[in-house]
Amino acid sequence: MSDESKAEKFLEIFNKGKEFTEELLRENQRLRFRVATLDNEQAGLSQEELQHLRHEVAQLAEENLRMQTRFREVEDENKDFANRYIEIEEQNNNLASLYVASYQLHSTLDFREVIQIVQEIIINLVGAESFAILLRDEKTNDLKTIASEGKDAIPGIDKISTRLGDGILGQVARTGESYFVSHEIAGTKVTVENPLAAVPLKIKDHVIGIIVIYKLLQQKDAFTAVDYELFSLLAAHAATAIFSSKLYSQSERKLNTIQSFLDLLTTN
Amino acid sequence: MDSANFLVVEDSPTMRQLISFSLKRFKNARIIEAVDGVDALKKLSGPDKIDLILTDINMPVMDGLKLVSLVRQNAQLKGIPIIIITTEGAEEDRERGLALGANAYISKPIQSSHLIKTISELLAV
(Lines give C-alpha, C1' and ligand atoms only; values in the text may rest on other atoms or scores of the structure.)
Protein backbone atom coordinates (compact mmCIF):
# COMPACT_ATOMS: atom_id res chain seq x y z
CA MET A 1 0.00 0.00 0.00
CA SER A 2 1.29 3.38 -0.94
CA ASP A 3 1.72 6.20 1.55
CA GLU A 4 -1.20 8.06 -0.09
CA SER A 5 -3.63 5.22 0.29
CA LYS A 6 -2.50 4.76 3.90
CA ALA A 7 -3.24 8.41 4.57
CA GLU A 8 -6.71 8.12 3.01
CA LYS A 9 -7.46 5.02 5.01
CA PHE A 10 -6.33 6.76 8.21
CA LEU A 11 -8.45 9.82 7.41
CA GLU A 12 -11.45 7.59 6.80
CA ILE A 13 -10.96 5.88 10.17
CA PHE A 14 -10.37 9.24 11.79
CA ASN A 15 -13.58 10.65 10.31
CA LYS A 16 -15.54 7.63 11.46
CA GLY A 17 -14.05 8.08 14.94
CA LYS A 18 -14.95 11.76 14.82
CA GLU A 19 -18.52 10.96 13.78
CA PHE A 20 -18.77 8.33 16.45
CA THR A 21 -17.42 10.71 19.07
CA GLU A 22 -19.82 13.45 17.92
CA GLU A 23 -22.66 10.91 18.09
CA LEU A 24 -21.61 9.95 21.62
CA LEU A 25 -21.47 13.60 22.66
CA ARG A 26 -24.96 14.21 21.27
CA GLU A 27 -26.29 11.11 23.03
CA ASN A 28 -24.60 12.22 26.21
CA GLN A 29 -26.17 15.63 25.95
CA ARG A 30 -29.57 14.08 25.22
CA LEU A 31 -29.27 11.78 28.24
CA ARG A 32 -28.11 14.60 30.49
CA PHE A 33 -31.14 16.58 29.40
CA ARG A 34 -33.36 13.59 30.07
CA VAL A 35 -31.79 13.08 33.52
CA ALA A 36 -32.21 16.77 34.26
CA THR A 37 -35.86 16.58 33.13
CA LEU A 38 -36.49 13.46 35.20
CA ASP A 39 -34.76 15.04 38.18
CA ASN A 40 -37.02 18.02 37.90
CA GLU A 41 -40.11 15.87 37.40
CA GLN A 42 -39.19 13.65 40.31
CA ALA A 43 -38.42 16.55 42.58
CA GLY A 44 -41.75 18.19 41.74
CA LEU A 45 -43.73 14.94 42.31
CA SER A 46 -42.07 14.22 45.69
CA GLN A 47 -42.84 17.68 46.87
CA GLU A 48 -46.46 17.25 45.91
CA GLU A 49 -46.58 13.81 47.42
CA LEU A 50 -44.82 15.04 50.51
CA GLN A 51 -47.36 17.79 50.81
CA HIS A 52 -50.13 15.25 50.40
CA LEU A 53 -48.55 12.89 52.86
CA ARG A 54 -48.01 15.66 55.36
CA HIS A 55 -51.65 16.53 55.05
CA GLU A 56 -52.61 12.91 55.57
CA VAL A 57 -50.29 12.62 58.55
CA ALA A 58 -51.86 15.71 60.07
CA GLN A 59 -55.33 14.27 59.47
CA LEU A 60 -54.33 10.93 60.98
CA ALA A 61 -52.75 12.63 63.97
CA GLU A 62 -55.95 14.57 64.49
CA GLU A 63 -57.98 11.37 64.09
CA ASN A 64 -55.66 9.63 66.51
CA LEU A 65 -56.15 12.39 69.05
CA ARG A 66 -59.90 12.16 68.59
CA MET A 67 -59.73 8.38 69.02
CA GLN A 68 -57.58 8.72 72.13
CA THR A 69 -60.03 11.19 73.63
CA ARG A 70 -62.96 8.93 72.73
CA PHE A 71 -61.07 5.92 74.10
CA ARG A 72 -60.53 7.75 77.38
CA GLU A 73 -64.22 8.69 77.45
CA VAL A 74 -65.26 5.08 76.78
CA GLU A 75 -62.78 3.87 79.38
CA ASP A 76 -64.25 6.30 81.91
CA GLU A 77 -67.75 5.17 80.94
CA ASN A 78 -66.66 1.55 81.39
CA LYS A 79 -65.21 2.32 84.79
CA ASP A 80 -68.42 4.13 85.66
CA PHE A 81 -70.51 1.15 84.49
CA ALA A 82 -68.25 -1.26 86.37
CA ASN A 83 -68.60 0.81 89.54
CA ARG A 84 -72.34 1.04 89.08
CA TYR A 85 -72.48 -2.71 88.47
CA ILE A 86 -70.62 -3.31 91.72
CA GLU A 87 -72.93 -0.87 93.52
CA ILE A 88 -76.02 -2.60 92.09
CA GLU A 89 -74.58 -6.01 92.99
CA GLU A 90 -74.02 -4.73 96.51
CA GLN A 91 -77.54 -3.29 96.63
CA ASN A 92 -78.95 -6.61 95.40
CA ASN A 93 -76.98 -8.40 98.05
CA ASN A 94 -78.20 -6.01 100.71
CA LEU A 95 -81.79 -6.20 99.54
CA ALA A 96 -81.63 -9.98 99.55
CA SER A 97 -80.35 -9.92 103.14
CA LEU A 98 -83.05 -7.46 104.19
CA TYR A 99 -85.77 -9.42 102.37
CA VAL A 100 -84.69 -12.71 103.93
CA ALA A 101 -84.39 -11.15 107.39
CA SER A 102 -87.84 -9.58 107.13
CA TYR A 103 -89.39 -12.73 105.66
CA GLN A 104 -87.96 -14.93 108.39
CA LEU A 105 -88.91 -12.58 111.23
CA HIS A 106 -92.56 -12.72 110.22
CA SER A 107 -92.61 -16.41 109.35
CA THR A 108 -93.67 -17.55 112.82
CA LEU A 109 -95.68 -16.53 115.87
CA ASP A 110 -93.66 -18.69 118.22
CA PHE A 111 -91.75 -16.46 120.64
CA ARG A 112 -88.69 -18.75 120.96
CA GLU A 113 -88.52 -19.17 117.21
CA VAL A 114 -88.65 -15.40 116.68
CA ILE A 115 -85.77 -14.95 119.14
CA GLN A 116 -83.88 -17.75 117.37
CA ILE A 117 -84.38 -15.99 114.02
CA VAL A 118 -83.18 -12.66 115.45
CA GLN A 119 -80.07 -14.47 116.67
CA GLU A 120 -79.53 -16.09 113.25
CA ILE A 121 -79.78 -12.70 111.57
CA ILE A 122 -77.28 -11.15 113.97
CA ILE A 123 -74.81 -14.03 113.54
CA ASN A 124 -75.17 -14.78 109.84
CA LEU A 125 -76.16 -11.49 108.27
CA VAL A 126 -74.52 -8.92 110.54
CA GLY A 127 -71.60 -11.20 111.44
CA ALA A 128 -71.58 -10.79 115.21
CA GLU A 129 -69.86 -13.27 117.49
CA SER A 130 -70.92 -11.91 120.88
CA PHE A 131 -74.25 -10.19 121.42
CA ALA A 132 -77.26 -10.07 123.72
CA ILE A 133 -80.96 -9.46 123.24
CA LEU A 134 -82.50 -7.59 126.14
CA LEU A 135 -86.23 -7.16 126.71
CA ARG A 136 -87.83 -4.48 128.82
CA ASP A 137 -90.07 -5.41 131.70
CA GLU A 138 -92.99 -3.03 131.29
CA LYS A 139 -93.79 -3.07 134.99
CA THR A 140 -90.32 -2.51 136.45
CA ASN A 141 -88.69 -0.85 133.38
CA ASP A 142 -85.72 -3.16 133.83
CA LEU A 143 -83.88 -4.48 130.80
CA LYS A 144 -82.88 -8.13 131.04
CA THR A 145 -81.06 -10.57 128.77
CA ILE A 146 -83.41 -13.09 127.20
CA ALA A 147 -80.90 -14.51 124.71
CA SER A 148 -77.18 -14.18 124.13
CA GLU A 149 -74.28 -15.63 122.20
CA GLY A 150 -70.54 -15.55 122.88
CA LYS A 151 -70.53 -15.19 126.66
CA ASP A 152 -67.06 -16.76 126.72
CA ALA A 153 -65.66 -13.68 125.02
CA ILE A 154 -67.69 -11.21 127.10
CA PRO A 155 -68.59 -12.80 130.44
CA GLY A 156 -71.84 -11.61 131.95
CA ILE A 157 -73.77 -10.84 128.77
CA ASP A 158 -76.10 -13.77 129.43
CA LYS A 159 -77.46 -12.14 132.59
CA ILE A 160 -77.48 -8.40 132.01
CA SER A 161 -79.94 -6.47 134.10
CA THR A 162 -80.03 -2.72 133.84
CA ARG A 163 -82.51 0.06 134.44
CA LEU A 164 -84.00 2.35 131.84
CA GLY A 165 -81.75 5.40 131.49
CA ASP A 166 -78.72 3.81 133.17
CA GLY A 167 -75.49 3.71 131.16
CA ILE A 168 -75.29 3.25 127.39
CA LEU A 169 -77.83 0.40 127.33
CA GLY A 170 -80.33 2.24 129.50
CA GLN A 171 -79.92 5.42 127.48
CA VAL A 172 -80.55 3.61 124.19
CA ALA A 173 -83.72 2.09 125.68
CA ARG A 174 -84.84 5.46 127.06
CA THR A 175 -84.13 7.63 124.00
CA GLY A 176 -84.81 5.05 121.29
CA GLU A 177 -81.64 6.18 119.51
CA SER A 178 -79.14 3.58 118.30
CA TYR A 179 -75.59 3.64 119.65
CA PHE A 180 -72.51 2.75 117.61
CA VAL A 181 -68.86 3.13 118.53
CA SER A 182 -67.65 6.26 116.80
CA HIS A 183 -64.01 5.15 116.58
CA GLU A 184 -62.05 2.14 115.31
CA ILE A 185 -63.65 -1.13 116.39
CA ALA A 186 -60.23 -2.82 116.62
CA GLY A 187 -59.05 -0.60 119.45
CA THR A 188 -62.32 -0.49 121.35
CA LYS A 189 -62.33 -1.72 124.94
CA VAL A 190 -65.57 -3.63 125.08
CA THR A 191 -67.33 -4.43 128.34
CA VAL A 192 -70.89 -5.46 129.18
CA GLU A 193 -71.73 -1.76 129.67
CA ASN A 194 -69.64 -0.53 126.71
CA PRO A 195 -70.71 -2.44 123.61
CA LEU A 196 -69.84 -1.89 119.93
CA ALA A 197 -73.48 -1.20 119.13
CA ALA A 198 -76.85 -1.07 120.84
CA VAL A 199 -80.02 -0.97 118.76
CA PRO A 200 -83.43 -0.30 120.26
CA LEU A 201 -86.33 -2.61 119.39
CA LYS A 202 -89.14 -0.13 118.78
CA ILE A 203 -92.82 -0.26 118.01
CA LYS A 204 -93.39 3.30 116.84
CA ASP A 205 -91.74 5.25 119.69
CA HIS A 206 -92.10 2.60 122.32
CA VAL A 207 -88.91 0.68 123.08
CA ILE A 208 -89.58 -2.95 124.03
CA GLY A 209 -85.95 -4.02 124.23
CA ILE A 210 -82.48 -3.66 122.74
CA ILE A 211 -80.00 -5.69 120.71
CA VAL A 212 -76.46 -5.23 121.98
CA ILE A 213 -73.44 -6.17 119.85
CA TYR A 214 -70.16 -6.81 121.68
CA LYS A 215 -67.87 -8.55 119.22
CA LEU A 216 -67.82 -9.13 115.47
CA LEU A 217 -66.67 -12.31 113.76
CA GLN A 218 -62.92 -12.63 113.29
CA GLN A 219 -63.16 -11.99 109.54
CA LYS A 220 -65.20 -8.81 110.02
CA ASP A 221 -63.42 -5.67 111.19
CA ALA A 222 -66.12 -3.02 110.90
CA PHE A 223 -69.82 -2.44 110.42
CA THR A 224 -70.87 -2.02 106.80
CA ALA A 225 -73.65 -0.01 105.19
CA VAL A 226 -75.96 -3.01 105.09
CA ASP A 227 -75.39 -3.63 108.80
CA TYR A 228 -76.96 -0.26 109.59
CA GLU A 229 -79.86 -1.16 107.26
CA LEU A 230 -80.19 -4.50 109.03
CA PHE A 231 -80.15 -2.76 112.40
CA SER A 232 -82.92 -0.40 111.23
CA LEU A 233 -84.90 -3.37 109.96
CA LEU A 234 -84.34 -5.27 113.19
CA ALA A 235 -85.30 -2.23 115.24
CA ALA A 236 -88.78 -2.24 113.72
CA HIS A 237 -89.44 -5.73 112.37
CA ALA A 238 -87.84 -7.71 115.19
CA ALA A 239 -89.72 -5.56 117.68
CA THR A 240 -93.13 -6.24 116.10
CA ALA A 241 -92.28 -9.91 115.57
CA ILE A 242 -91.22 -10.32 119.22
CA PHE A 243 -94.18 -8.31 120.50
CA SER A 244 -96.80 -10.12 118.40
CA SER A 245 -95.34 -13.55 119.20
CA LYS A 246 -95.44 -12.66 122.93
CA LEU A 247 -99.06 -11.56 122.62
CA TYR A 248 -99.87 -14.71 120.67
CA SER A 249 -98.26 -16.92 123.33
CA GLN A 250 -100.18 -15.07 126.05
CA SER A 251 -103.46 -15.37 124.16
CA GLU A 252 -102.78 -19.07 123.56
CA ARG A 253 -102.24 -19.55 127.27
CA LYS A 254 -105.39 -17.58 128.09
CA LEU A 255 -107.35 -19.54 125.52
CA ASN A 256 -106.16 -22.79 127.04
CA THR A 257 -107.14 -21.57 130.52
CA ILE A 258 -110.58 -20.48 129.33
CA GLN A 259 -111.02 -23.74 127.43
CA SER A 260 -110.09 -25.73 130.54
CA PHE A 261 -112.50 -23.63 132.59
CA LEU A 262 -115.29 -24.19 130.05
CA ASP A 263 -114.53 -27.91 129.98
CA LEU A 264 -114.75 -27.97 133.75
CA LEU A 265 -118.09 -26.14 133.68
CA THR A 266 -119.60 -28.38 131.00
CA THR A 267 -118.44 -31.54 132.73
CA ASN A 268 -120.06 -30.49 135.95
CA MET B 1 -74.60 -25.21 81.98
CA ASP B 2 -78.32 -25.46 81.17
CA SER B 3 -79.40 -26.39 84.67
CA ALA B 4 -77.78 -27.25 87.97
CA ASN B 5 -78.89 -29.02 91.12
CA PHE B 6 -77.52 -27.39 94.25
CA LEU B 7 -77.60 -29.03 97.67
CA VAL B 8 -77.69 -26.39 100.43
CA VAL B 9 -76.78 -27.89 103.81
CA GLU B 10 -77.60 -25.43 106.61
CA ASP B 11 -79.34 -25.71 109.95
CA SER B 12 -80.36 -22.03 109.89
CA PRO B 13 -83.53 -21.42 107.82
CA THR B 14 -82.44 -17.78 107.40
CA MET B 15 -79.16 -18.79 105.79
CA ARG B 16 -80.80 -21.51 103.69
CA GLN B 17 -83.16 -18.91 102.31
CA LEU B 18 -80.41 -16.36 101.72
CA ILE B 19 -78.17 -18.86 99.92
CA SER B 20 -81.10 -20.18 97.87
CA PHE B 21 -81.97 -16.60 96.98
CA SER B 22 -78.46 -16.07 95.60
CA LEU B 23 -78.50 -19.38 93.69
CA LYS B 24 -81.61 -18.31 91.79
CA ARG B 25 -79.27 -16.16 89.72
CA PHE B 26 -78.31 -19.36 87.90
CA LYS B 27 -80.68 -20.19 85.10
CA ASN B 28 -82.80 -23.28 85.85
CA ALA B 29 -81.14 -23.72 89.22
CA ARG B 30 -82.81 -26.35 91.38
CA ILE B 31 -82.19 -26.05 95.08
CA ILE B 32 -82.39 -29.02 97.41
CA GLU B 33 -82.16 -28.21 101.11
CA ALA B 34 -80.77 -30.27 103.97
CA VAL B 35 -80.65 -29.30 107.64
CA ASP B 36 -77.52 -31.25 108.64
CA GLY B 37 -74.90 -33.70 107.34
CA VAL B 38 -77.06 -36.78 107.78
CA ASP B 39 -79.96 -35.18 105.95
CA ALA B 40 -77.51 -34.15 103.20
CA LEU B 41 -76.26 -37.73 102.76
CA LYS B 42 -79.87 -38.89 102.40
CA LYS B 43 -80.47 -36.28 99.69
CA LEU B 44 -77.21 -37.25 97.97
CA SER B 45 -78.30 -40.89 97.80
CA GLY B 46 -81.65 -39.86 96.32
CA PRO B 47 -82.61 -39.78 92.64
CA ASP B 48 -81.42 -36.20 92.02
CA LYS B 49 -77.94 -35.79 90.61
CA ILE B 50 -76.29 -33.05 92.68
CA ASP B 51 -73.94 -30.70 90.79
CA LEU B 52 -72.63 -28.73 93.75
CA ILE B 53 -72.84 -28.85 97.55
CA LEU B 54 -72.85 -25.74 99.75
CA THR B 55 -72.45 -26.61 103.41
CA ASP B 56 -72.18 -24.93 106.77
CA ILE B 57 -69.72 -26.35 109.31
CA ASN B 58 -71.48 -25.98 112.66
CA MET B 59 -74.61 -28.10 112.47
CA PRO B 60 -76.29 -30.56 114.83
CA VAL B 61 -76.28 -34.35 114.22
CA MET B 62 -73.44 -34.25 111.66
CA ASP B 63 -71.26 -31.22 110.98
CA GLY B 64 -70.08 -29.95 107.61
CA LEU B 65 -66.49 -31.17 107.92
CA LYS B 66 -67.64 -34.74 108.53
CA LEU B 67 -69.97 -34.43 105.53
CA VAL B 68 -67.10 -33.20 103.30
CA SER B 69 -64.93 -36.08 104.46
CA LEU B 70 -67.64 -38.70 103.79
CA VAL B 71 -68.47 -37.29 100.37
CA ARG B 72 -64.81 -37.40 99.36
CA GLN B 73 -64.54 -41.03 100.47
CA ASN B 74 -67.58 -42.08 98.44
CA ALA B 75 -66.73 -43.30 94.93
CA GLN B 76 -69.99 -42.03 93.44
CA LEU B 77 -69.99 -38.64 95.15
CA LYS B 78 -66.33 -37.69 95.42
CA GLY B 79 -66.33 -35.61 92.25
CA ILE B 80 -69.02 -33.18 93.40
CA PRO B 81 -67.60 -29.68 94.08
CA ILE B 82 -68.13 -28.54 97.68
CA ILE B 83 -68.21 -25.00 99.05
CA ILE B 84 -68.02 -24.49 102.80
CA ILE B 85 -69.94 -21.44 104.04
CA THR B 86 -69.27 -20.74 107.70
CA THR B 87 -68.84 -18.23 110.49
CA GLU B 88 -65.45 -19.81 111.26
CA GLY B 89 -63.09 -17.33 109.66
CA ALA B 90 -59.74 -18.39 111.08
CA GLU B 91 -57.03 -19.40 108.60
CA GLU B 92 -56.59 -22.81 110.27
CA ASP B 93 -60.31 -23.52 109.83
CA ARG B 94 -60.03 -22.65 106.15
CA GLU B 95 -57.00 -24.87 105.72
CA ARG B 96 -58.73 -27.75 107.54
CA GLY B 97 -61.81 -27.46 105.32
CA LEU B 98 -59.78 -27.37 102.13
CA ALA B 99 -57.52 -30.20 103.31
CA LEU B 100 -60.58 -32.40 103.81
CA GLY B 101 -61.49 -31.85 100.19
CA ALA B 102 -63.69 -28.77 100.00
CA ASN B 103 -63.14 -26.80 96.78
CA ALA B 104 -63.81 -23.38 98.29
CA TYR B 105 -64.26 -21.77 101.69
CA ILE B 106 -66.44 -18.72 102.19
CA SER B 107 -66.77 -16.88 105.50
CA LYS B 108 -70.04 -15.39 106.68
CA PRO B 109 -71.56 -12.88 106.26
CA ILE B 110 -71.64 -13.94 102.62
CA GLN B 111 -71.41 -11.59 99.68
CA SER B 112 -73.78 -12.86 97.02
CA SER B 113 -71.48 -11.71 94.19
CA HIS B 114 -68.54 -13.61 95.70
CA LEU B 115 -70.64 -16.74 96.09
CA ILE B 116 -71.86 -16.52 92.48
CA LYS B 117 -68.31 -16.01 91.20
CA THR B 118 -67.01 -19.00 93.17
CA ILE B 119 -69.81 -21.25 91.94
CA SER B 120 -69.36 -20.09 88.34
CA GLU B 121 -65.66 -20.94 88.50
CA LEU B 122 -66.30 -24.37 89.99
CA LEU B 123 -68.99 -25.24 87.48
CA ALA B 124 -67.17 -23.38 84.67
CA VAL B 125 -70.45 -21.67 83.73
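The values are calculated or read from the model by the stated rules, or taken from the named source; none is laboratory data. Just so it is clear, the model here is predicted, and its values are computed rather than measured. Ideal geometry is used to build each Cβ from the backbone, glycine not excepted, and the neighbour counts take in all protein chains shown. These area figures cover heavy atoms from the full protein model, side chains too; ligands, DNA and RNA do not enter into them. Shrake-Rupley method; radii C 1.70, N 1.55, O 1.52, S 1.80 Å.
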Distance check, please: which entries in B:49/B:108; A:189/A:215; A:79/B:108 exceed 19 angstrom between their Cα atoms?
-> B:49/B:108; A:79/B:108
To the nearest 100 Å², how much accessible surface do chains A and B hide from each other in total, with a 1.4 Å probe?
-> 1700 Å²
Using a probe of 1.4 angstrom, how much of the accessible area of chain A is carbon and sulfur, in percent?
-> 55 percent
On a C-alpha basis, how far is the centre of the stretch A:219-250 from the centre of the stretch A:150-178 in Å? Whole number, if you could?
-> 16 Å
Chain B: relative contact order from alpha carbon pairs under 8 Å, six or more residues apart, as a whole percent, is 23 percent
Have a look at A:77, A:22, A:113 and tell me which one the Gaussian network model of chain A (Cα, springs below 10 Å) gives the largest fluctuation.
-> A:22
To the nearest 20 debye, chain B has a Cα-centred charge dipole, built from +1 on Lys and Arg Cβ and -1 on Asp and Glu Cβ, of 440 debye
If contacts are Cα pairs under 8 angstrom and at least 6 residues apart, what is the relative contact order of chain A in percent?
-> 16 percent
Inter-label distance, nm, simple model (7 Å from Cα along the C-beta direction), residue A:177/residue A:113 | 3.8 nm
Across the residues of B:17-30, average count of Cβ atoms on other protein chains within 10 Å?
-> 3
Sequence neighbours fewer than 8 away in the same chain don't count; with that in mind, list the aspartates and glutamates whose C-alpha is under 15 Å from residue A:144.
-> A:158, A:166, A:193
Under a straight-distance cross-link criterion of Cα-Cα below 20 Å, which aspartates and glutamates are reachable from residue A:246, leaving out those fewer than 8 residues away in the same chain?
-> A:110, A:113, A:120, A:137, A:138, A:142, A:205
Show which lysines lie in cross-link reach of residue B:42 when reach means a straight Cα distance below 19 angstrom and same-chain residues fewer than eight apart are skipped.
-> B:66, B:78
Residue-normalised value, i.e. accessible area per residue, for the protein assembly as shown at 1.4 Å probe, in Å², stands at 60 Å²
Which residue, A:137, A:39, A:152, has the most motion in a Gaussian network model of chain A that connects Cα atoms within less than 10 Å?
-> A:39
Would you look at the GNM of chain A, springs on alpha carbons closer than 10 Å, and say which of A:27, A:49, A:193 moves the most?
-> A:27
Estimated FRET transfer efficiency (residue A:264, residue A:159; beta-carbon r; R0 45 Å; 0.05) = 0.70
